[in-house]
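Report on the structure given below.
Coordinate-derived values only; no laboratory data. Only a predicted model underlies this, so the values are computations on that prediction, with no experimental measurement involved. Here the Cβ is made from the backbone with ideal geometry for all residues, glycine too, and neighbour counts use every protein chain on show.
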Amino acid sequence: MDNRLKIQHLLWRAGFGPKHINSFQLKNSTVKETLNNIFSATQKPVKKFNVAKNLVAEYFSNESNLEYINKKAKQNRGEINSIKMQMRQASKEDLKTLNNLWVNEMINSDDQLREKMSLFWHGHFACRLPAGYYQQELLNIIRQNALGNFGDLLIAVSKSPAMLSFLNNDKNRKKSPNENFAREVMELFTMGRGHYSETDVKEAARAFTGWSVNPLLEFDVREFLHDNGEKKFLGHTGNLSGDDVLNILLQQKQTAKFITEKIYRYFVNEKINDERIKFLSEKFYNSNYNISGLMMEIFSSEWFYDQENIGVKIKSPVELIAGIRRMMPLTPRSESAQIIFQKILGQVLFFPPNVAGWPGGTNWIDSSTLMARLQVPRVWAGKEILKLIPKGDDDVDMGKEERRKVNKGDVKRAGDSEIEWDKVYAIFEKVNREDLADAISSSFLQVPLSFSKDILNKYTDSQSRQNFISSSIIQIMSTPEYQVC
Amino acid sequence: MLFKRREFLQTSAMATTSMLLPKFLKSLNNTGSLVPKGNKVLVVVQFSGGNDGLNTIIPVRNDIYFRERPSIGIKKSDALSLTDDASIHPSLPYFKTLHDEGCLSIMNSVGYPEPDRSHFRSMDIWQSASRSDQYLSDGWLGRFLDNVCHDCDNPTQALEIDDILSLALKGKDRKGIAFKDPRNLFNGSNVRYFKDLSHDHDHSNETVEYLYKTLADTLSSAEYIYDKSRIYSSNVSYPSTDLGRKFKTISSLILSDINTKVYYVSLGSFDTHVGQPQKQANLFTQLNDAVKSFTADLKNAGRFDDVLLMTFSEFGRRVKQNASNGTDHGSGNNMFFISGGLKKKGLLNELPDLSDLDKGDLKYKVDFKNVYATVLNKWLNANDKNILGGSFNLLDFI
């Protein structure tokens with residue numbers, strides 16, 4: 001098999017595809033070298049996003065004594081509520097900014113695997129909450145731990161104010177337990193359905209009673225709401241705490257299996273290979289949930305590069321967008337308008353459909369999203385104006401009509417961008433004119449073009465070499481073939 | 001999820017022939033005859049944002065209502081009377097006419113257990129027909145498609161008049177088609193290229209094949225819909241609102257011989273936290289006028305008995321108004337059913353009990369899944385148990 005294809009396969013799965021500057025040298029490189037580059041980039045320190053402000057913490061800036069703060073918070077409830085309202089109102093803009101910052105990391109960061117893995121966890125620990133600060137902190141936890149230890153990640157996410165409030169654990173009290181959080185931790189975050197009983201859910205919910213958020217918007221166990229009675233959970237008995245429950249869940253081999261299977265579906269193939277899952281999940285479990293180790297095992301195995309695993313995944317909208325922009329360097333004139341593409345294609349960062357995350361695969365595709373996908377490259381290239389209006393989001397719009405109108409303006413501006421074609425032409429500088437079409441399609445596609453080159457020629461501009469390159473790229477990206485990696 | 005190669009070739013072959021047919025031949029094909037009576041069609045109107053049901057069907061003799069809504073409550077003298085106790089919003093005069101003609105029925109207190117007050121999640125629950133602790137990635141009308149349309153020539157059994165397809169119309173294997181104007185999809189600037197691609201391709205990769213199948217289906221459906229939309233020209237004038245245009249498209253298709261059974265359209269936002277009276281009245285005026293033209297069109301063509309228009313919203317609103325002349329998210333709501341073929345007319349059940357609330361919100365009395373089961377079984381003649389994944393008692397309004 002073509003070496004370039006294998007390297008591109010790795011770059012697409014461990015990241016967001018090849019980047020224009022490196023793309024031509026790929027054929028002179030090796031898989032091993034690429035793999036080393038990917039993993040050495042993960043050693044760099046991770047910069048936290050710091051866009052949304054915790055105005056409540058600023059309000060208490062001089063205090064550190066929680067008891068005092070709690071008292072003051074009660075006394076000045078009105079004032080604090082209005083600060084919280086201010087934070088809520090800033091959320092819409094904060095989430096847009098965070099969205100763009102993160103997409104820019106996906107496009108530009110060398111630490112591709114971290115961003116890809118974070119996108120995976122962002123869907124695994126799905127949290128749909130229009131609260132900018134909470135979402136930012138959750139994303140920081142995810143990016144920090146994306147390649148570390150799954151146990152650390154699980155515990156940090158479970159203690160994040162974002163998840164606790166999204167799954168209503170702030171309403172989980174000794175006197176009236178709310179099972180939502182406990183149920184999803186087991187069903188979606190660790191073991192999956194069918195490996196525990198309803199009693200286990202009830203008992204786990206009791207262990208999580210009192211897990212909540214303090215006035216500084218940090219994790220807090222409110223002891224007076226916590227149930228200190230004896231609980232029976234997955235064969236363990238005692239006065240179990242929320243931490244105990246999470247640790248017991250991590251002791252279950254099923255948790256390692258569930259996570260490994262999901263990672264395999266996401267990074268390798270939606271079709272599961274039981275033997276490989278068994279092998280990988282045992283290694284994952286025995287490594288005490290070392291995520292980076294598991295990923296290295298996958299990407300360095302021979303079967304990962306088997307033909308049956310190449311070009312069989314439908315890119316998610318965010319992968320598609322980031323992938324295009326890695327090869328076609330462009331500066332959008334309106335950053336916020338970029339989010340329109342996510343809306344139209346059906347994946348808006350920070351807005352997963354529900355706690356189960358984006359279902360993925362063929363769920364990305366219907367007649368409207370497919371036609372929109374085929375339109376995106378032309379819209380960016382200024383050859384077409386986007387006419388599709390995304391649906392409103394009432395949780396964000398809060399009934400304010402003016403917010404919807406902004407939407408329409410964004411649609412018009414969505415494709416308004418400057419493309420640095422020179423950088424793209426440079427990729428193909430050394431290619432003969434008659435080999436250009438093949439060179440372009442093999443750089444951009446993970447599957448062979450399934451139609452004849454005559455058709456491509458019919459729709460490309462051959463007036464000059466440069467026009468030919470740019471129009472071929474746009475037409476090649478506007479195909480079903482480009483939707484897979 | 002996957003389809004057989006043979007089936008795919010048939011579809012694309014069909015697309016090819018229809019695309020190559022000269023215009024005059026196609027129109028000859030299509031003008032055969034209008035659909036005979038008895039071919040049932042469902043039109044779903046989604047009120048996005050949580051419509052305030054209590055100010056839609058107003059309990060005009062209920063003291064609690066006026067006590068909880070001192071400034072936004074609608075007085076008996078302003079509302080349009082349906083019964084002694086119930087009146088309808090003043091911006092829905094045509095709905096009153098329909099009611100008096102026996103072509104409107106209203107189900108009160110529809111909802112589901114453990115209601116969710118987030119717009120998106122609650123809409124998800126209504127569209128997927130899931131329980132509130134269940135997450136489905138397909139919708140009830142999409143599963144209807146899976147059920148009735150595994151070998152359809154044109155996958156146009158369910159259409160949404162919008163740019164983006166809602167979850168409600170996404171099935172496991174089949175998905176509805178969304179479009180605002182059939183011409184747009186048909187006339188897209190790169191469509192020739194896509195047509196060429198979908199004719200001339202050959203591949204072994206299942207995923208790519210799936211995408212090409214969707215592409216071919218979309219192009220052939222777009223052409224099919226566009227052709228059908230031009231058969232019937234209505235002499236009824238529609239309001240020049242977004243909703244008016246959408247209803248005009250729907251009626252032009254219903255009155256053609258298209259194979260569509262379900263149309264889906266949204267109106268909103270009904271999220272009236274602030275200044276509710278004006279906002280709700282505006283939206284209702286759009287609804288009233290569009291439905292009036294639509295009904296006139298259907299009546300003229302003798303098809304009103306065959307069409308059921310059903311409205312819903314993801315939740316109702318709190319009984320007590322807030323400090324901004326609005327209402328906040330609640331639960332329990334009413335649904336409208338409009339048709340010439342209703343078996344039960346007017347109010348189908350009691351008005352909500354305002355003295356028996358759940359933390360300030362209406363308690364639901366009818367699970368919306370009973371309504372869906374009824375519509376699927378009795379109107380669309382489909383297997384409701386299969387589609388809804390359980391058995392729900394059927395109601396008797398149709």
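Which value at 222 nm does chain B reach when only helices count, each DSSP H run of 4 or more adding -39,500 (n - 2.57), with the total divided by all residues and rounded to the nearest 500 deg cm²/dmol?
Result for chain B, helices only: -11500 deg cm²/dmol.
From the backbone phi of the range A:102-107, what are the Karplus-calculated ³J(HN,Hα) couplings (6.51 cos²θ - 1.76 cosθ + 1.60, θ = phi - 60°) in whole Hz, Gly and Pro given as x?
5, 4, 4, 4, 4, 7
Roughly how tilted is helix A:317-327, in degrees to the nearest 10 and between 0 and 90, from the longest Cα axis of chain A?
50
Taking all pairs of different Cα atoms in the range A:121-212, averaging 1/r and flipping that mean, what Kirkwood radius in angstroms comes out?
One over the average 1/r among Cα pairs gives 13.5 Å for the range A:121-212.
Enumerate the amide H contacts of A:VAL213 below 5 Å, restricted to partners 5 or more residues apart or on another chain; note that Pro and chain-start residues carry no placed amide H.
For A:VAL213, the qualifying residues are A:ASP220.
I'd like the mean, over residues of A:447-459, of how many other protein chain beta carbons sit within 10 Å of each residue's own Cβ.
Other-chain Cβ atoms within 10 Å of each residue's Cβ, averaged: 4.
Just to confirm a number: summing +1 for Lys and Arg and -1 for Asp and Glu over residues other than B:ASP396 whose beta-carbon lies under 15 angstrom from that of B:ASP396, what do you get?
+3
Give me the log10 of I(q) over I(0) for the range A:41-104 at q = 0.11, 0.19, 0.26, 0.30 Å⁻¹, as the Debye formula computes it from C-alpha points; what are the numbers?
-0.40, -0.82, -1.08, -1.24
Under the rule of -39500 (n - 2.57) per DSSP H run of 4 or more residues, summed and divided by the residues of chain A, what mean residue ellipticity at 222 nm is obtained, to the nearest 500 deg cm²/dmol?
So the calculated ellipticity at 222 nm is -16000 deg cm²/dmol.
Using 25 Å as the Cα-Cα cut-off, could you pick out the over-long pairs in A:LYS408/B:LYS180; B:LYS228/B:LYS292; A:LYS96/A:LYS171; B:LYS40/B:LYS365?
Those over the limit are A:LYS96/A:LYS171; B:LYS40/B:LYS365.
Nearest 0.05, what FRET efficiency do A:SER464 and B:ASP84 give at R0 = 56 Å with Cβ-Cβ as r?
After rounding to 0.05, the efficiency reads 0.10.
For A:LYS231, enumerate residues with amide H under 5 Å from its amide H, sequence gap 5+ or separate chain, H modeled in the peptide plane.
Residues meeting the amide H criterion: A:GLY238, A:ASN239, A:LEU240.
Based on the Kirkwood radius over alpha-carbon pairs, what is the Stokes-Einstein translational diffusion coefficient of the range A:343-392 at 37 °C with 0.692 mPa s viscosity, in µm²/s?
Approximately 270 µm²/s, per Stokes-Einstein.
In the neighborhood of A:PHE350, defined by Cβ-to-Cβ distances under 14 Å, what is the net charge if each Lys or Arg adds +1 and each Asp or Glu adds -1?
0
Please work out whether the range A:185-249 counts as rounded, prolate or oblate from its C-alpha gyration tensor, where a ≥ b ≥ c are the square roots of the eigenvalues and a/c under 1.5 means rounded, while otherwise a/b larger than b/c means prolate and anything else oblate?
In terms of gyration-tensor shape, oblate.
More than 43 Å apart: what percent of Cα pairs in chain A qualify?
Tail of P(r) above 43 Å: 20 percent of Cα pairs.
Can you sort B:LYS228, A:LYS400, A:LYS278 by how many other beta carbons sit within 10 Å, fewest first?
Final ranking by Cβ density, sparse to dense: A:LYS278, A:LYS400, B:LYS228.
Any chance you could give the angle, 0 to 90 degrees and rounded to 10, that helix A:401-413 forms with the longest Cα principal axis of chain A?
Here the helix axis deviates by roughly 30 degrees.
Can you pull the mean other chain C-beta count within 10 Å for peptide A:386-395?
6
Averaged across the residues of A:369-377, what count of C-beta atoms belonging to other chains lies within 10 Å of each residue's C-beta?
5
What ranking do B:62-73, A:89-100 get when scored by the average of other Cβ atoms within 10 Å per residue, highest first?
A:89-100, B:62-73
How big is D for the protein assembly as shown, in µm² s⁻¹ as a whole number, if Stokes-Einstein is applied with the Kirkwood radius of its Cα pairs at 20 °C and 1.002 mPa s?
D, rounded to a whole number, is 73 µm²/s.
Name the residue from A:ILE277, A:GLY238, A:LEU249 whose Cα lies farthest towards the positive end of the charge dipole of the range A:164-278, charges +1 on Cβ of Lys and Arg and -1 on Cβ of Asp and Glu.
The residue sitting most towards the positive pole is A:ILE277.
With Cβ to Cβ distances under 15 Å as the rule, what net charge do the other residues near A:ILE324 carry (K, R +1; D, E -1)?
Charge balance in the 15 Å sphere: +3.
Rounded to the nearest 10 degrees, what's the angle between the helix A:291-300 long axis and the longest principal axis of chain A, both from Cα atoms, 0 to 90?
With rounding to tens, the tilt is 20 degrees.
With viscosity set to 0.890 mPa s and temperature to 25 °C, compute the Stokes-Einstein D of chain B, Rh being the Kirkwood radius across alpha carbon pairs; µm²/s, no decimals.
Roughly 111 µm²/s, to the nearest whole number.
Ratio of the range A:355-448's C-alpha Rg to 2.2 N^0.38 Å, to two decimals?
1.50
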